[in-house]
1. State the number of residues belonging to the range A:271-295 that are touching a residue at least 24 places away in the same chain (Cβ under 8 Å) and more than 7 Å from chain B (Cβ to nearest Cβ).
2. Select from the range A:44-70 the residues that are crowded, with 18+ Cβ neighbours inside 10 Å and assigned to a helix (DSSP H, G or I) and list them in ascending order.
3. Of everything in the range B:148-186 that's surrounded by 13 or more Cβ atoms within 10 Å (Cβ to Cβ) and free of Cβ contacts under 8 Å to residues at least 12 places away in the same chain, which residue is farthest from the chain's Cα centre (by Cα)?
4. Within the range A:92-102, identify whether any single residue is among the aromatic types (F, W, Y) and modelled with pLDDT of 85 or more, and answer yes or no.
5. What helices (runs of 4 or more DSSP H) completely inside the range A:165-261 contain at least 2 residues that are touching a helix residue (DSSP H, G or I) at 6+ places or on another chain (Cβ under 8 Å), buried (at least 16 other Cβ atoms within 10 Å of the Cβ) and of a type in the set (A, V, I, L, M)?
6. If I ask for residues that are β-branched (V, I, T), within 11 Å of chain A (Cβ to nearest Cβ) and under 23 Å from A:S182 (Cα atoms), which ones from the range B:274-310 would you list?
7. So how many residues does the range A:30-39 have that are surrounded by 15 or more Cβ atoms within 10 Å (Cβ to Cβ) and either in a loop (DSSP other than H, G, I, E, B) or without any contact (Cβ under 8 Å) to a residue 24 or more places away in the chain (or both)?
8. Among the residues of the range B:239-273 satisfying the criterion of being free of Cβ contacts under 8 Å to residues at least 24 places away in the same chain and not polar (S, T, N, Q), which is nearest to the other protein chains (Cβ to nearest Cβ)?
Amino acid sequence: MMENAINKKSKAGNSKDKDQIIETPGQIVIKRLLKNRFAMLGFGLLIAIILFSFVGPLFVKYGYNTQSSNVKMPPSAINILGTDYLGRDMLARLMYGGRISILVGVVSVVIEIIIGTLIGAAAGYYGGKVDNILMAITDIFLALPFLPVILVLGSLMSDLKVGSEMRIFALMFILGILSWPSIARLVRAEILSLREQEFMQATEALGLKDIRKIVKHLIPNVVPTIIVNATLGVASAILTESALSYLGMGVTEPIPSWGNMMTVANKLADFQKRQWLWIPPGICILVTVMAVNLIGDGLRDALDPKMKR
Amino acid sequence: MIQYTVKRVLKMIPTLLVISVIFFAIVNMTPGDFVDAKANPNMSAEKIADLKAIYGLDKPIPIRYVNWAKNAIQGNFGDSLKFKQPVTTVLKSYVWNSFSLAAISFALSLLVAIPIGIISATKQYSAFDRTFTLLTFISISLPSFFVALISIKIFSLDLAVLPIGGMTTAGSKATGIANFIDILKHMFLPVFSLTLIQVGSWVRYVRTSMLEVIRQDYIRTARAKGLKEKVVIYKHALRNGLIPIVTFIGMSIPGLFAGAIITETIFTWPGIGKIGYEAILNRDYTLVMGFNIFMAVLTLLGNLLSDILYAVVDPRIKLK
């Protein structure tokens, strides 16, 4: 804001400086993103997918579990994408499934970021023993084989007869709790160098409390790294969720997710003759993950101060 | 360097210990065990209790853990409840199937990715670069099970040119070359799927690394002294550009033994990933424990290798 005001003033005062408009870092980032065709493609695809999943259901007269006697119908005027083995409309299920897949991806990454940032910041800021203990914990989590652990937990949930809705929450937590170590490492590495800089000496001189130093002065400087990794994290969380749900260990019936809708492909007849049941959800996963990856990559380039074009 | 490696290897022991405790707790939190999963309604309660005593399932979890850990330290991970064989034997007999699948697709990915990455970097923002960048993103974003299903649908069902799954044709008694060709045929689709989903990230690694090198001053110097572009790129830039790739390759090697759970399961390829997944489904908890510890060891080895390799290729990094 202030820089804008200064720009305007200098523009009015001296017309020779017209070319020297000073942009805020935020403006530079947005400008770079707008120039990046791939990132824009990603945004376009993502907006389309979000509208499809969150606004789409308003225009469809079926719920995700509205059953009918029109079982396993191929795509037609009544059911644009056909119906499944309970006569449920595939288009409606695809839309509601998108909600679940996107929500699981986003929420699990939020959990991942909160844990990873706090642990990484504490380890980097305090150093010494705190750092050693926190990093030892991080290393343990890093060495946990990701997919096997989730599969074991998934089968545990099936044995405990965890309800369909509870499973979604559990899944978000499990994905978040298993993915934070990489964020913690990145944040720690950056904080290690940031804490030696002059502005941190200034906060020392001002006598600020540790919490304030970390939250108000260190973490904001790590935000670019966090944003990029969070975006790419959403993409991999959606992929993991879909694979788990496909194996029957993630989101379970009757709640649809793009992954669990594809379990029908395990029945040879459905797999071979009723592609409308499993190809559309697969394409949805691919498009969503790709959109998020394109945006994440664009953000990385845009936020990188070394990048010049 | 040797001192550092020894130190790191020793540090792996407590990490593995904690991981094994976590796993043991999770695996045994399950209300049902192997006997319950396999029990049929005709079995009497006494028979079930007897069976549980045989497998040691009747004791409290901490005692079971201590027993397990005592044996595990000596390399005895118990007998798989399903295979009735030592866990290590089971893992050993399947790990090479996984390795051959993973190694071939790994080599293929590199073979495709390195040239594409180099050309993309040298012709940044060209039509070639843009096309392959988009394809790269598709590769990175492909769900492994979707690729596997689509390729089975197209090649095994619609075109019917390749087998649906497995490693050999059922009932085949072929030996020698005929057997080898049979295995190759069965291998084709899983290798294809695995290559498709990993080639993208390798293209990106190569491209990024080459771009970074090409921007450096010594490359400008090489061009300024009139070297041919080919020499500049393939002799001067490539050597430094491939350094990070070599470290990535090194740290990926342990992972080649880990098996691909989803791809192997869909193609019913008898690898360690499929066996591990089935062990989870069957509540074969000794095998699940062994499988997970094996995976954790591979991950730790990968991390260790990457740290060592970084120091080997970059003399500025000092390990302590």
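1. Step one: list which residues in the range A:271-295 are touching a residue at least 24 places away in the same chain (Cβ under 8 Å), which gives A:274, A:276-277, A:280-282, A:284-285, A:287-295.
Next, from what is left, pick out any that are more than 7 Å from chain B (Cβ to nearest Cβ): A:274, A:276-277, A:280-281, A:284, A:287-288, A:291-292, A:295.
The qualifying residues number 11.
2. A:L46, A:I49, A:F52, A:S53, A:G56, A:P57
3. At the first step, the residues of the range B:148-186 found to be surrounded by 13 or more Cβ atoms within 10 Å (Cβ to Cβ) are B:148-157, B:162-169, B:174, B:179, B:182-183, B:185-186.
Retained after the next criterion (residues that are free of Cβ contacts under 8 Å to residues at least 12 places away in the same chain): B:150, B:153-154, B:157, B:174, B:179.
Values: B:I150: 22, B:K153: 25, B:I154: 26, B:L157: 28, B:A174: 30, B:N179: 26 Å.
Among them, the one singled out is B:A174.
4. First, the residues of the range A:92-102 that are among the aromatic types (F, W, Y): A:96.
Now restrict to residues that are modelled with pLDDT of 85 or more: A:96.
Within the range A:92-102, one or more residues are among the aromatic types (F, W, Y) and modelled with pLDDT of 85 or more.
5. On the way: elements: A:198-205, A:219-246, A:258-261.
In the range A:165-261, the matching helices (runs of 4 or more DSSP H) lie at A:219-246.
6. Of the range B:274-310, the ones β-branched (V, I, T) are B:275, B:280, B:286, B:288, B:293, B:297, B:299, B:308.
Adding the requirement that they be within 11 Å of chain A (Cβ to nearest Cβ) leaves B:280, B:288, B:293, B:297, B:299.
Result: B:I293, B:V297, B:T299.
7. Kept after step one, since they are surrounded by 15 or more Cβ atoms within 10 Å (Cβ to Cβ), are these residues of the range A:30-39: A:32-33, A:36, A:38-39.
Those still in the list that are either in a loop (DSSP other than H, G, I, E, B) or without any contact (Cβ under 8 Å) to a residue 24 or more places away in the chain (or both) too: A:36.
Here the count works out to 1.
8. Of all residues in the range B:239-273, those free of Cβ contacts under 8 Å to residues at least 24 places away in the same chain come to B:239, B:261, B:265.
Going one step further and asking which of them are not polar (S, T, N, Q), we end up with B:239, B:261.
On the way: B:R239: 22, B:I261: 5 Å.
Residue satisfying both the conditions and the ranking: B:I261.
The values are calculated or read from the model by the stated rules, or taken from the named source; none is laboratory data. Fair warning: this is a prediction, and the values are worked out from it, not measured in the lab. With ideal geometry, Cβ positions are generated from the backbone for all residues, glycine too; neighbour counts draw on all protein chains shown.
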